[in-house]
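Participant: Have a look at this one.
Just so it is clear, none of the values below were taken in a lab; they were calculated from the coordinates. All figures in this text were calculated on a predicted structure; none of them were measured in a lab. For neighbour counting, all protein chains shown are included, and Cβ atoms are generated from backbone atoms with ideal geometry for every residue, glycine included.
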Amino acid sequence: MPSPDAAPTGLTPPAYLRTEETAGAGPRRSAEGEDGRRRRLEYPPAPEPLPSPVVDNHTHLDFRDGLVEVSLGDALDAAQAVGVEAVIQVGCDVPSSRWAVQAAEQDARVLAAVALHPNDAARAAARGTLDEELAAIEALAAHPRVRAIGETGLDYFRTTPDGHAAQQYSFREHVRMAAEHSLAVQIHDRDAHADVMRVLEEERFEGDVVFHCFSGDVPMARIAAERGWYLSFGGTATFKNNDELREALRLTPRERLLVETDAPFLTAVPYRGRPNAPYLVPLAVRAVAQLRQEDLEGLCVALRENTARVYGSF
Ligand SMILES: [Zn+2]
Ligand SMILES: [Zn+2]
């Protein structure tokens, strides 16, 4: 088993993800989609370049998908070619948070976010290693290329109620770390809107709050606007049956908008179900511009300014 500290290089998947079973291939999303239907594993064609550069605010370049292996450098080059100049690489557990830091050290187009994902936090608690893993995340948080604690938050969809207390404890610890290190928090909120807002309020967090892949409704978007929270939108804003989300997107102040892929998941229409990657951010940006009836170039400039305000310079 290669060392978890091996740097991401060339065409190799993250070393820590390799196991005997995957024989060097890394974890791969299956050819079956969440709805049980077969999904196409070809990467979609590159969209038309954006008129002004933006940043993918939430991606997982260490997760493998699709038919071909894509290196860190190739993923970033493909993104840059269409005006996606940089990414925030987001950790979900200790090894992937380490990988995010290494990627940010290796390439100037990457900044890192580190955390235990709420579902991973519940699993760590069940193993009895949650505090130890939180300490490992906190050690990474001091790195100068780590600019956010995330993705943290609550996920009541994947984790059953017996894991919710552990998630809340972990979320509070992450918020405390973000305050301690003057970092933003990137929040994963699945079916837990009220509790996420309650925890943020109780912790009196005063730093930047980013709801990654915002999934709340109109009232929640209004509260977010009042509190100055950032809402990040991606492929889900293009999905059918997401009219409420589009309404929330319309009323979000422009200076609080961010865009992301959450790659390799949540690919925008018309490529829903296919592998996602940062070079596909223009699909979301164009959808956002159209829904808000905003000039594309002006929107790109605002998105880039918002990113810089939250995460600092690359
Ligand atoms: Zn998430
Ligand atoms: Zn994510």
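Participant: Order of Arg147, Arg254 from fewest to most other C-beta atoms within 10 Å? Don't skip to the answer; put the middle values down first.
Facilitator: On the way: Arg147 25, Arg254 14.
The fewest-first ordering by Cβ neighbours comes to Arg254, Arg147.
Participant: With a/c under 1.5 counting as rounded, go ahead and sort the stretch 179-304 into rounded, prolate or oblate using the C-alpha gyration tensor (a ≥ b ≥ c being the square roots of the eigenvalues; past the cut-off, prolate if a/b is larger than b/c, else oblate). Walk me through the numbers before you get to the answer.
Facilitator: Values: a/c = 1.60, a/b = 1.51, b/c = 1.06.
The shape class here is prolate.
Participant: Can you tell which of Ala100, Ala113, Ala46 lies farthest toward the positive end of the dipole of the chain, using +1 and -1 charges on the Cβ of basic and acidic side chains (Lys, Arg; Asp, Glu)?
Facilitator: Ala46
Participant: Let me ask another. Among Leu291, His60, Phe265, flag the residue with its Cα farthest along the positive direction of the charge dipole of the stretch 51-311, charges on Cβ as +1 for Lys/Arg and -1 for Asp/Glu.
Facilitator: The one lying farthest along the dipole's positive direction is Leu291.
Participant: Only counting other Cβ atoms within 10 Å, I'd like Phe214, Phe239 sorted with the fewest neighbours first.
Facilitator: Working: Phe214 26, Phe239 14.
The most exposed by this proxy come first: Phe239, Phe214.
Participant: Can you give me the distance in nm between label points at Arg292 and Ala31, each placed 7 Å from the Cα along the Cα-to-Cβ direction?
Facilitator: Going by the 7 Å Cα→Cβ label model, 4.0 nm.
Participant: Determine the sum of side-chain charges near Ala113: Lys and Arg each +1, Asp and Glu each -1, restricted to other residues whose C-beta is under 10 angstrom from that of Ala113. Present the calculation step by step, with values, prior to reporting the outcome.
Facilitator: Details: positive: Arg147; negative: Glu151.
That sum, taken over residues with Cβ under 10 Å, equals 0.
Participant: While we're here: Taking the DSSP beta bridges in the stretch 51-311 as the whole, what percent of them are antiparallel, to the nearest 5?
Facilitator: Values: 0 of 26 bridges.
Percent antiparallel among DSSP bridges in the stretch 51-311 is about 0.
Participant: What nm distance separates the two modelled labels at Val269 and Asn242, each placed 7 Å from Cα along Cα→Cβ?
Facilitator: Once both label points are built, they end up 0.9 nm from each other.
Participant: On a full-extension model of 0.36 nm per residue, what is the gain between Arg227 and Phe157, subtracting their alpha-carbon distance, rounded to one decimal in nm?
Facilitator: On the way: separation 70, 0.36 × 70 = 25.20 nm, distance 2.56 nm.
Contour length minus Cα-Cα distance gives 22.6 nm.
Participant: Translational diffusion coefficient of the chain at 20 °C, 1.002 mPa s, Stokes-Einstein with Kirkwood Rh over Cα pairs, in µm²/s as a whole number. Before the final figure, lay out each step's value.
Facilitator: On the way: Rh = 19.4 Å.
Result for D is 111 µm²/s.
Participant: Taking the simple approach of a point 7 Å from Cα along Cα-to-Cβ for both Asp217 and Glu42, what is their distance in nm?
Facilitator: 4.1 nm
Participant: Let's test the formula: R0 of 41 Å, r as the Cβ-Cβ distance of Arg254 and Glu132. What FRET efficiency results, to the nearest 0.05? Display every interim value, and only then the final one.
Facilitator: Values: r = 42 Å, r/R0 = 1.02.
My answer for the efficiency is 0.45.
Participant: About the Cα centre of the chain, what is the dipole size in debye to 20, counting +1 per Lys and Arg Cβ and -1 per Asp and Glu Cβ, all else neutral? Please report the intermediate quantities before stating the final value.
Facilitator: Numbers: 33 positive and 48 negative charges, 127 e Å.
Result for the chain is approximately 620 debye, rounded to the nearest 20.
Participant: Continuing with the same structure: Can you sort Arg309, Arg37 so the residue with the fewest Cβ neighbours within 10 Å comes first? Don't skip to the answer; put the middle values down first.
Facilitator: Working: Arg309 14, Arg37 9.
Listed from fewest to most nearby Cβ atoms, that is Arg37, Arg309.
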